Each structure stands twice: as C-alpha cells, then as structure tokens.
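Scroll down for the structure; my scribbles are underneath it.
The values are calculated or read from the model by the stated rules, or taken from the named source; none is laboratory data. Everything numeric here is computed off the predicted structure, so don't read it as measured data. When we count neighbours, we look across all protein chains shown, and the Cβ atoms used for this are built from the backbone with ideal geometry, even at glycine. Just so you know, the surface numbers come from the protein's heavy atoms only, side chains and all, with ligands and any DNA or RNA stripped out. Shrake-Rupley method; radii C 1.70, N 1.55, O 1.52, S 1.80 Å.
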Amino acid sequence: MSVNVKKAAGYISSLRKSREEYLKKVPDQLAKIYSGKDKRPKPDHFKESSFLYIRSYNGDIGIRPFSGINFWNSPDITINPISNSGINTTELYAGNTYNIRCRLNNRGDLMIPYPKVEFFLTDPSLGFNATVAKLLGLTQLQGLLLPASNDEAIMRYTVPASESGHKCLFARTYSFSPLDKPFDLNALDPRLDRHIGQQNLNIVPQGSTYAFNLVHQPNTLETIEFRPLSVRQVMVLQHPALQELKITQLKDKQTLARIKVEVAAKTSHEIGLKSEKGIMQITTSGKGLSLDKQGEIFKKSNAILKAIHSGKGSHQHFKRELKPLTDMNRLVAVTAFQMTIPDFGTRKGYAVGLEIVNRNKIDGSIKGGITLIAIGK
C-alpha cells in the first residue's frame, strides 16, 4: 500500500469516528435545547417582513432616504404604445392606447400576494404631490411577488384629449397583507419612500417652447439650474428613441446659463425670481409654515427615516413623530413656468442632453428634476 493510500485511509477512518461520536452526542443536545432546559443565550427573535420597492436608479436596493442622486428616470417605469411594445415614450397622443408598466421588487423574506400599483400622470413637474396630479388608476400584479424577486404590473390607458403631450409619470405601490405601504398619503417623493417611482424624461426639438410646473410649499426658497449631460449619461437612460439619434456633447455650456424662465400663469402666492451665474433663485410667500419651521421638520424627519431603515422600528412606530411632515405635505402650491429650448446648433438626427435640477435651499437637497433630450431640426 502506497503512502498516499495509507493517508487517505486514515483520513476516512477519522471521519467515520467523528460521525459516530456526532450521532451519540447530538440527540441528547437536541433534546435539551427543545425541552427548554438549555440556559445558553438565545438569538434575538426573528421577525419576517416583506420589503417592497420601486427602483429610482440602476443599482437601487431600496435604501431611503437618499440625497444627491438623480431619481426622476426610474428604470422600473415604462410607457409603450400597444401598437409597438418595443418603443418607450413619455409623449402621449390623444386617442391612442398605451401599456403603462411598473416593475416591483421584493427584497424581504415574505412573499407579497398581488401587490397594488397606482399610477399618477401630470405635466412635467419639479417636485410632486398627489393633490395636484391625476390618478390614472389602480392595478395589481397578477400573482405572488416572491422573496428576493421582481415582477411587472401593467395597466392599459387610452389618452383623452386633455392629457396629450409631454407628461411626467409616477407609480406608487403598496400591500396590506403583509403590511407594506407608503407612510405619506399625499407626498410622492422617491427620495424618502421606496414605494414611489418617477419617470420624467422628455424628447423635445431645440428652439421650441417648453412648459413645466414647480410644486412647492407656499413659503419656499428654491433654485432651478440647467446642467449639461455627457454622452454617456444620456446613453445610460437606454431609451429606445435614442437609437435613432446621434448623441453629442454640448459644446457651449454658457448657452444653458442664458436660458430665461418665465412665470406662465397667475399665482395665488407672491413669487420672486432672481438669476445669478445661470442659477435661478425662486422665493414665494403664502399661507404656510415659515422656512425655519420647515427646516426643523426636514431635519427631524430625515433622522427618523434613517432610524427606520436601520431597523429601529417601522413607520407605524414613528407615526406621531412624522405627523408634522405629513401635515406639511397636505398643502402645496404650484407655479407654472415656461422656457425656450435653446438652438444648440445641432443638426437633424443629432441630439444633446440636459437636466433641469430643482434644489430646496432650506435643507440643500435636490427636490426634483426633468431630463430633456433636445433634438436638431
């Protein structure tokens, strides 16, 4: 017998001996554990839960709150004409029918039977609130959303004449059993709530007039800034319409700084506009909380939401502490703006990308955004 064979035989013999000892000891140990006489420390009680969310960006795993991330092009929300399911769009035509799709994700350990999805449609907007949008309808996933899985809910929608044109789409998902729902009925803010997703991308001709809304508190201090997008940032959007366009880099960035934004309609609140270094500062005065009070609420609420995500309770446990935030979101104001998309000198078949970024100066957070793809004529 060779040396290696002897070593192998010895190793097998030791394994058999260990197995025999295991079979002798384990029954008594298990009996002791399940009899309740085992005095050793036990692990904390494990509580099963679901973890339902809509992605706001590629790589999103549902961590909230977040900041400094462009969240208004959710990869989970798409609109397709029923005549061509391979084309994504955010421009709706009166009389046409579309499939609105939302992919739902479950990172929890409980399955979710038939999770619900609400779809909201509005004109392109910076910031959002359910009180100033149209609820398109409610649908549900046609089956079980298993743990560590995702699936798609679909709703069919025929566009009336009043809703045609460029639109912003929001999706909100929830479940009552297991209980997994948004903490705020009115605010649709993907930064704070994983149950919310937004799609706010428009493809527009350069030199055209573009209208959008700013949803804000009656008293507010905010800014609007125009930022160029790199070729890579545009291509990452993976919008099918971009396949027919040659995306180029914006050469003269000062063009964006010269864009003029004007108030397009009368408001019930006083509004002030001031432009400095290409950034427009917006102040409004109306019936609502002061800026200082809003700052206090934002600071406390963000701390609570971080604690919830770290496992220190649920939204239900902090319902009283979050009430000032939910109360504040019941009353919002809307200001309508319009601007002219600059002529970037882009030829027909070419396009450049830019973003309208809205920042709340009270807490410094990016509150909303719109992605524009300006195509040459």
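Quick check: anything in segment 204-226 out of contact with any helix residue (DSSP H, G or I) (no Cβ under 6 Å at 6 or more places or on another chain) and more than 27 Å from Lys274 (Cβ to Cβ)?
Yes, because at least one residue in segment 204-226 is out of contact with any helix residue (DSSP H, G or I) (no Cβ under 6 Å at 6 or more places or on another chain) and more than 27 Å from Lys274 (Cβ to Cβ).
Among the residues in segment 123-137, are any within 30 Å of Asn360 (Cα to Cα), more than 17 Å from the chain's Cα centre (by Cα) and among the basic types (Lys, Arg)?
So far as segment 123-137 goes, yes, one or more of its residues are within 30 Å of Asn360 (Cα to Cα), more than 17 Å from the chain's Cα centre (by Cα) and among the basic types (Lys, Arg).
So which of Thr158, Thr122 ends up being within 30 Å of Ser290 (Cα to Cα) and of a type in the set (Ser, Thr, Tyr)?
Values: Thr158 fails: within 30 Å of Ser290 (Cα to Cα).
Answer to the check: Thr122.
Within segment 288-339, which residues are under 30 Å from Pro205 (Cβ atoms) and not hydrophobic (A, V, I, L, M, F, W, C)?
Thr335, Gln338
Given the residues Tyr157, Tyr98, which is the only one that is aromatic (Phe, Trp, Tyr) and over 30 Å from Phe226 (Cβ atoms)? First the steps, then the outcome.
On the way: Tyr98 fails: over 30 Å from Phe226 (Cβ atoms).
Every option except Tyr157 fails the conditions.
Taking the options Thr209, Thr248, Thr223, Thr284, name whichever one is open to solvent by 70 Å² or more (accessible area, probe 1.4 Å), under 28 Å from the mean Cα position of the chain (by Cα) and of a type in the set (Val, Ile, Thr).
On the way: Thr248 fails: open to solvent by 70 Å² or more (accessible area, probe 1.4 Å); Thr223 fails: open to solvent by 70 Å² or more (accessible area, probe 1.4 Å); Thr284 fails: open to solvent by 70 Å² or more (accessible area, probe 1.4 Å).
Criteria check complete, one pass: Thr209.
Go through the residues of segment 164-171 one by one and say whether even a single one is among the small types (Gly, Ala, Ser), surrounded by 15 or more Cβ atoms within 10 Å (Cβ to Cβ) and under 21 Å from the mean Cα position of the chain (by Cα). Steps first, answer last, please.
Initially, segment 164-171 is screened for residues among the small types (Gly, Ala, Ser), giving 164-165, 171.
Subset that is surrounded by 15 or more Cβ atoms within 10 Å (Cβ to Cβ): 165, 171.
Within this subset, residues satisfying the condition of being under 21 Å from the mean Cα position of the chain (by Cα) are 171.
There is at least one residue in segment 164-171 that is among the small types (Gly, Ala, Ser), surrounded by 15 or more Cβ atoms within 10 Å (Cβ to Cβ) and under 21 Å from the mean Cα position of the chain (by Cα).
Test of understanding: among Leu192, Leu136, Leu169, which residue is closer than 30 Å to Ala265 by Cβ, assigned to a strand (DSSP E or B), of a type outside the set (Ser, Thr, Tyr) and touching a residue at least 60 places away in the same chain (Cβ under 8 Å)? First the steps, then the outcome.
Details: Leu192 fails: assigned to a strand (DSSP E or B); Leu136 fails: touching a residue at least 60 places away in the same chain (Cβ under 8 Å).
Exactly one residue qualifies, and that residue is Leu169.
Could you tell me which residue of segment 195-206 is nearest to Phe337 (Cα to Cα), considering only residues that are within 22 Å of the chain's Cα centre (by Cα) and assigned to a loop (DSSP other than H, G, I, E, B)?
Pass one, segment 195-206, residues within 22 Å of the chain's Cα centre (by Cα): 195-203.
So of that shortlist, the ones also assigned to a loop (DSSP other than H, G, I, E, B) come out as 195, 200.
Numbers: His195: 29, Asn200: 16 Å.
Among those residues, the one meeting the criterion is Asn200.
Of the numbered conditions (1) surrounded by fewer than 17 Cβ atoms within 10 Å (Cβ to Cβ); (2) of a type outside the set (Gly, Ala, Ser); (3) touching a residue at least 24 places away in the same chain (Cβ under 8 Å); (4) in contact with a Ser or Thr (Cβ under 9 Å, 6 or more places away or on another chain), Thr131 fails exactly one; give the number of that condition.
(4)
Being of a type in the set (S, T, N, Q) and modelled with pLDDT under 95 is the filter here, so list the residues in segment 341-359 that pass it.
Within segment 341-359, Thr346 is the sole residue that qualifies.
If you check Leu273, Leu289, Leu250, Leu305, which single one turns out to be assigned to a loop (DSSP other than H, G, I, E, B) and at pLDDT 90 or above?
Numbers: Leu273 fails: assigned to a loop (DSSP other than H, G, I, E, B); Leu250 fails: at pLDDT 90 or above; Leu305 fails: assigned to a loop (DSSP other than H, G, I, E, B).
Being assigned to a loop (DSSP other than H, G, I, E, B) and at pLDDT 90 or above holds for just one of Leu273, Leu289, Leu250, Leu305, which is Leu289.
Looking at segment 173-186 only, could you name the residues that are open to solvent by 20 Å² or more (accessible area, probe 1.4 Å) and assigned to a strand (DSSP E or B)?
Hits for segment 173-186 are Tyr174, Phe176, Leu179.
Going through Pro147, Pro160 one at a time, which residue ends up being open to solvent by 20 Å² or more (accessible area, probe 1.4 Å) and either farther than 21 Å from Ala336 by Cβ or in contact with a Phe, Trp or Tyr (Cβ under 6 Å, 6 or more places away or on another chain) (or both)? First the steps, then the outcome.
Numbers: Pro160 fails: either farther than 21 Å from Ala336 by Cβ or in contact with a Phe, Trp or Tyr (Cβ under 6 Å, 6 or more places away or on another chain) (or both).
Within the list Pro147, Pro160, the selection yields Pro147.
Among the listed residues Ser56, Ser83, Ser67, Ser49, which satisfies the condition of being modelled with pLDDT of 90 or more and part of a loop (DSSP other than H, G, I, E, B)? Give the derivation first.
Numbers: Ser83 fails: modelled with pLDDT of 90 or more; Ser67 fails: modelled with pLDDT of 90 or more; Ser49 fails: modelled with pLDDT of 90 or more.
From the options Ser56, Ser83, Ser67, Ser49, the qualifying one is Ser56.
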